[in-house]
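One structure is given here, and the rest of the page talks about it.
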Amino acid sequence: MTRNNAPPVMFSIDLHSGVPVYRQLIDQVRGGIAAGSLAPGDQLPTVRQLAVDLAINPNTVMRAYRELELGGLLETHQGTGTFISNKKLEKKSAERERQLSQMAGEFAARAGAAGFTLEEIIERLGDLLPSPAQRR
C-alpha cells in the first residue's frame, strides 16, 4: 500500500462459505473502502501476489479486480499496479436500495443458518452505532 505507514491489505477467503472466491475479494475491497481502511490511492497486491498468498487461481483475482475496475472502484496502471480509485461513486437510490436489501437478506440468511435470531442480529448491529456523545 502506498499510504503513509498503512498496514498491507489483508485478504482472506473462506472456501466453505458458499460465496464465490472472486465475490469474497470484491466484498473485502468494498468493505475496506467503506470502513476507511482502504483509501483513494492505496495500492492493492498484484494479481500474481494475491493469488500466491491465497493459494487461488490468478484468473479469480483478475476477475475480481476487473469487476471492481468496471465499477469505478479500482484503477489499473500498466507497470505500476492496481490502486483504489479517486472517483466518487454516486449510485442511484433505487440501486442502493436493491443492493442493501440483497446484502441484508444474505446476512440474515447466513446468521439464521448459524443459529442466531433476528432479534440477536438487530441488537448486535445496534451495538455498532456510535453513542449519542460520539454522534455530535
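The values are calculated or read from the model by the stated rules, or taken from the named source; none is laboratory data. Small disclaimer: the values here were computed from a predicted structure and weren't measured. Please note: Cβ atoms are built from the backbone with ideal geometry, for glycine as well, and neighbour counts cover all protein chains shown. The area values use the complete protein model at the heavy-atom level, side chains included, leaving out ligands, DNA and RNA. Shrake-Rupley method; radii C 1.70, N 1.55, O 1.52, S 1.80 Å.
Here are the numbers for this structure:
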read-out: Boolean, Gly79 is among the small types (Gly, Ala, Ser) and modelled with pLDDT of 85 or more; value: yes
read-out: Region 18-42 - residue that is within 15 Å of Ala64 (Cβ to Cβ) and outside any helix (DSSP H, G or I) and, of those, most open to solvent (accessible area, probe 1.4 Å); value: Pro20
read-out: Flag for Ser93 being open to solvent by 80 Å² or more (accessible area, probe 1.4 Å), among the hydroxyl-bearing types (Ser, Thr, Tyr) and at pLDDT below 95; value: yes
read-out: Answer from Val9, Val29 - the residue that is at pLDDT below 85, closer than 20 Å to Met62 by Cβ and β-branched (Val, Ile, Thr); value: Val9
read-out: Hey, Thr82 surrounded by 11 or more Cβ atoms within 10 Å (Cβ to Cβ), polar (S, T, N, Q), closer than 14 Å to Ile26 by Cβ and in contact with a strand residue (DSSP E or B) (Cβ under 8 Å, 6 or more places away or on another chain) or not; value: yes
read-out: Residues being outside any helix (DSSP H, G or I) and surrounded by 18 or more Cβ atoms within 10 Å (Cβ to Cβ) - total across region 44-55; value: 2
read-out: Within region 56-79, considering residues that are in a helix (DSSP H, G or I) and among the polar types (S, T, N, Q), the one nearest to Ser12 (Cα to Cα); value: Thr60
